[in-house]
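Enquirer: The structure that follows is given in the form of structure tokens.
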Amino acid sequence: MRRSPSRIPLPPLVLGLTLLLLLSLVGGTGLGAAGIAWPDVLGFLWAGLTGGTVHAADAASYTIVWEIRLPRVVLGAIVGAGLAAVGVAVQAIVRNALGDPFVLGISSGAAVGANAVILLGAFAGLGVWALSASAFLSALAAMALVYAVARSPHGLSPLRLVLTGTALAYGFEAVTTVMVFGAARGEAARSALMWLLGSLGGATWAQVPLVAVTVVAGWAWLRRRAESLNALAMGDETSAALGVRPERLRRELFLVTAAVTGTVVAVSGAIGFVGLMVPHVVRMLVGADHRRVLAVAPLVGAVLLVWADVLSRLLLAPAELPVGVITAVVGVPAFLVLMRRGGYAFGGR
């Protein structure tokens, strides 16, 4: 009989990851193209947190640390946590190891709205909020379209949801491609490409509260339904026998994941691989129980995206790489190594 792999105890793992995340936030704030000494970085962070003052000669460095780097790092952690949590939920919805937040077509739909702003100047009256607002509204429209097409008289089946989301994603991507190729300005096309591959370069403090509230609320709801997710992962018949209504739960999960995905994509672009890889890595560490997975996955996703963004800023400094490129380049080999060494199968089998 095959032995099941040992699992890491949850409390020390969560504590360790929380400390690692805090250190990552500080480290991500201190690293960048502009060299700022670590004592100065720590001093600026303390001044910002306590409302202290800084010397006039340090005003430019303080602005870089507190107004540019820190909101970017904080937003990156929130986006990474949201993508990881939603990845767990999507894999439960579609009962597919390849499920991730973008398999439902919501990211591709958001890209249409974002590129309408970048390339065509849509929603110009909204000023700095035009890009996020347009991406979020188009994500909601994509969600409604996927739901309407995938729904049948028999309910919302995983297969129809995946096929519909994938098919419509190709359609949305075709629209985006036409807009990019038709762009009159080369710089606009480059900005559109950066957004399509994910970027946190436009992060501001004003974006953080809404994204944080949405991600925390979505994660809290998923944690509350963790036992139902365990039942759903075993199949509709088994979950129904355990008192879970699979069609209703799948519909609720779809709405929650769509809202969280639309919100994070609106501020970060389409950062791939986090929602696919992190849930599997966490299951290797703590098992398939969604109560444990959802306690750990957001922390792993947050740490991963913070350091992926740091690499995206440093590798070609002062130019930047799209952060989605880093998550793929770093994540793919790491994930393959873990798969080979862990003897892992989706769902813990």
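Enquirer: Measuring with a 1.4 Å probe in the full set of protein chains, what accessible area per residue, in whole Å², belongs to region 68-339?
Expert: 40
Enquirer: Shifting gears a bit: Accessible area of the chain with a 1.4 Å probe: how many percent of it is carbon plus sulfur?
Expert: Values: 11100 of 16110 Å².
The computed percentage sits at 69.
Enquirer: Just reorder ARG248, ARG292, ARG7 by solvent-accessible area, largest first, 1.4 Å probe, all chains present.
Expert: Numbers: ARG248 110, ARG292 60, ARG7 85 Å².
The ranking, largest first, comes out as ARG248, ARG7, ARG292.
Enquirer: Then there is this: For ASP40, tell me the accessible area in Å² from a 1.4 Å probe, rounded to the nearest 10.
Expert: Accessible area of ASP40: about 70 Å².
Enquirer: For the chain, return all DSSP H helices satisfying: extent of Cα atoms along own axis at least 20 Å; mean Kyte-Doolittle hydropathy at least -1.0. Walk me through the intermediate numbers first.
Expert: Values: long enough: 10-30 (30 Å, 1.88); 70-94 (36 Å, 1.98); 106-120 (21 Å, 1.75); 130-150 (30 Å, 1.94); 158-181 (34 Å, 1.27); 208-224 (24 Å, 1.21); 246-268 (32 Å, 0.66); 290-314 (36 Å, 1.25); 323-342 (27 Å, 1.65).
Result, helices passing both filters: 10-30, 70-94, 106-120, 130-150, 158-181, 208-224, 246-268, 290-314, 323-342.
Enquirer: Tell me, what is the percent relative contact order of the chain, built from C-alpha pairs under 8 Å that lie six or more residues apart?
Expert: Details: 515 pairs, mean separation 100.0, N = 349.
Here the relative contact order equals 29 percent.
Enquirer: Under 15 Å from the Cβ of LEU161, count the other residues' Cβ atoms, weight Lys and Arg +1, Asp and Glu -1, and hand me the total.
Expert: Numbers: positive: ARG95, ARG151, ARG160, ARG248, ARG250, ARG251; negative: ASP100, ASP236, GLU247, GLU252.
After counting each charged neighbour, the total is +2.
Enquirer: Which FRET efficiency value, to the nearest 0.05, is calculated for VAL149 and VAL332 with the Förster distance at 22 angstrom and r the Cβ-Cβ distance?
Expert: Working: r = 31 Å, r/R0 = 1.42.
So, using R0 = 22 Å, E works out to roughly 0.10.
The values are calculated or read from the model by the stated rules, or taken from the named source; none is laboratory data. Just so you know, these numbers come straight off a predicted model, no measurement behind them. FYI the Cβ positions are ideal-geometry reconstructions off the backbone, even for glycines, and counts take in every protein chain you see. In case anyone asks, the SASA skips ligands and DNA or RNA and just uses the protein heavy atoms, side chains included. Shrake-Rupley method; radii C 1.70, N 1.55, O 1.52, S 1.80 Å.
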